[in-house]
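Visitor: Right, I'll just put the structure down here and ask away after.
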Amino acid sequence: MTTKFYRLKHILLYVMSIVIFSCNTAESNDREKAISEEPSKEITYHNPIVAQRADPWVFKDEDGTYYFIATAPEYDRIEMRQSKTINGLGTAEPKVIWNKHENGLMSHHIWAPELHKIDGKWYVYFAAGQAEDIWKIRMFVLSNEAEDPMTGEWKEEGQIETNRDSFSLDATTFKHNGEQYLAWAQAVREEGGTSILLSKMETPTSLKGEEIEITHPEYDWERIGYFVNEGPAVIKRNDKIFMTYSASATDSNYAMGLLWADEDSDLMNPESWHKSEKPVFATNAELRRFGPGHNSFTIAEDGETDVLIYHARVYEKIRGNSLYDFNRHTRAKTFTWDEKGFPDFGQDITD
C-alpha cells in the first residue's frame, strides 16, 4: 500500500479537513488530535466516549456545542464537559459545577444528573440521598442563568416535591404542545421496586396536577435482581412520543424497554401509553456489550442522524454490589428507524 493510498484511505475513513505533508510520528499525533475535534461525515465514534461515567446525558445546544453530564463514580459531585463534537467530549476538561453537602439533604449518592435548557435558562436535575440515610433518595434541581452552563453560578433550587414522599430519582423533562412534563422513577407500589411516573410542570422546579404511573416492572426481564423501571428518556419522531427506560439490576441484566404514545393523544391518560413486551436494547456478549442502559438521545454532527448515548460494561462478571463496580462506560451509537417508524437501536450491530 503506497503512502499516497494510505493517506487517501485515512481521509475517507475519518473525513478530516487537514493537509497531510508527511507520515512521521509528529504528524500522526496531530492527525489523531484532529480526529477527536472535527466531525466525521461517516459518524464514527471512538467508544467508549467517556470511561467510568454512568447514566450519561448529552445536550446539543443551538450553536452545535455538546454538553456532557453523568454520574461520577465517587457519587459525590456533578461535573460537566463541553465540545463541538461527541468524540471530543472524551478529551474535554471536566468542570465540577457542584459538590455534595457534608450532611443532610444532597449529601450522599449523587446520581444521574441531566442538563436541560428551558426558556433560555439552564437546569440540572439529579438524585441524591443523605449521609444519615443513604437510601432516602429524592430529586433535586440546580439552575444557572448564564449563556454558557460551564460559566455562571449554579443555584440550588431544592427538592422536587411529589405527591408521595418515597424513593425517587432519574428525573427528565420534555415539552409537548406547549406543556412542560416531568418523567421520573419512584417507589409507589406495595410490592416494591420503581415505576415511571409522569406529571405536568407548574415551573421547571415544581409539578402540578395529577401524577400518573405509565409503566411498572411487569415482565420477567424487568425483575431480575430488583423490580426496576428507571432512567426515562424522550425522543419525538414520526408523530409519536417515544420514551426509553431501563430495567432490572445494574449488572449484565440491565436492559432498555420502550414506551410510546401518539403525539395527539392525552399524555396524562395512562391508556395513551403502549409498552414493548421485550427489551429493545440488551446485553450482547459477542459484542462485549453488557448491561446497556440509562440512555439519552442527541443529534450527530451532521445535524440529522439520531444518536443513542448510553452506558455499558465490557465484561459480565462483577464482584460485589454492581452499584460499586465503576466500569460502566459512556458510549455513543447511531441508530435508525424501521418501516413502522419505531427506533432500531441495532441490538446485533457494534457501535
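The values are calculated or read from the model by the stated rules, or taken from the named source; none is laboratory data. Note that the structure is predicted; figures quoted are calculated from it, not measured. Quick reminder, even Gly has a Cβ in these numbers, built from the backbone with ideal geometry, and neighbours come from all protein chains shown. Protein only, heavy atoms only, side chains kept; ligands, DNA and RNA dropped before computing areas. Shrake-Rupley method; radii C 1.70, N 1.55, O 1.52, S 1.80 Å.
Visitor: Taking segment 202-241 only, how many residues are open to solvent by less than 10 Å² (accessible area, probe 1.4 Å) and at negative phi?
Guide: Residues flagged as open to solvent by less than 10 Å² (accessible area, probe 1.4 Å) and at negative phi within segment 202-241 amount to 8.
Visitor: So if I check each of Lys121, Lys84, which one is in contact with a Gly (Cβ under 8 Å, 6 or more places away or on another chain), surrounded by fewer than 17 Cβ atoms within 10 Å (Cβ to Cβ) and basic (Lys, Arg)?
Guide: Matching residue, one of Lys121, Lys84: Lys84.
Visitor: Give the residue, chosen from Leu105, Leu182, that is within 30 Å of Ser265 (Cα to Cα), crowded, with 16+ Cβ neighbours inside 10 Å, free of Cβ contacts under 8 Å to residues at least 60 places away in the same chain and touching a strand residue (DSSP E or B) at 6+ places or on another chain (Cβ under 7 Å).
Guide: Result: Leu182 is the single residue among Leu105, Leu182 that is within 30 Å of Ser265 (Cα to Cα), crowded, with 16+ Cβ neighbours inside 10 Å, free of Cβ contacts under 8 Å to residues at least 60 places away in the same chain and touching a strand residue (DSSP E or B) at 6+ places or on another chain (Cβ under 7 Å).
Visitor: Looking at segment 87-102 only, could you name the residues that are open to solvent by 10 Å² or more (accessible area, probe 1.4 Å) and not in a loop (DSSP other than H, G, I, E, B)?
Guide: Those that are open to solvent by 10 Å² or more (accessible area, probe 1.4 Å) and not in a loop (DSSP other than H, G, I, E, B): Asn87, Gly90, Lys95, Val96, Ile97, Trp98, Asn99.
Visitor: Return yes or no: is Ile69 closer than 20 Å to Lys175 by Cβ and either touching a Phe, Trp or Tyr at 6+ places or on another chain (Cβ under 7 Å) or not in a strand (DSSP E or B) (or both)?
Guide: So Ile69 fits the description; yes.
Visitor: Still on this model: Only residues that are exposed (fewer than 15 other Cβ atoms within 10 Å of the Cβ) and not small (Gly, Ala, Ser): list them for segment 185-201, please.
Guide: Here is the first cut: in segment 185-201, the ones exposed (fewer than 15 other Cβ atoms within 10 Å of the Cβ) are 189-192.
Selection gives Arg189, Glu190, Glu191.
Visitor: Right, something else. Mind checking which residues of segment 303-351 are among the charged types (D, E, K, R), open to solvent by less than 70 Å² (accessible area, probe 1.4 Å) and in contact (Cβ under 8 Å) with a residue 12 or more places away in the chain?
Guide: Asp306, Arg313, Asp325, Arg328, Arg331, Lys333, Asp351
Visitor: Is it fair to say Ile137 is part of a strand (DSSP E or B), in contact with a Lys or Arg (Cβ under 9 Å, 6 or more places away or on another chain) and free of Cβ contacts under 8 Å to residues at least 40 places away in the same chain?
Guide: The answer is no for Ile137.
Visitor: Also: Among the residues of segment 140-178, write down those that are part of a loop (DSSP other than H, G, I, E, B) and either of a type in the set (S, T, N, Q) or in contact with a helix residue (DSSP H, G or I) (Cβ under 8 Å, 6 or more places away or on another chain) (or both).
Guide: Applying the first criterion (part of a loop (DSSP other than H, G, I, E, B)) to segment 140-178 yields 145-154, 160-167, 177-178.
Correct list: Thr151, Thr162, Asn163, Ser166, Asn177.
Visitor: Which residue, of Met201, Met268, is hydrophobic (A, V, I, L, M, F, W, C) and in a strand (DSSP E or B)?
Guide: Met201
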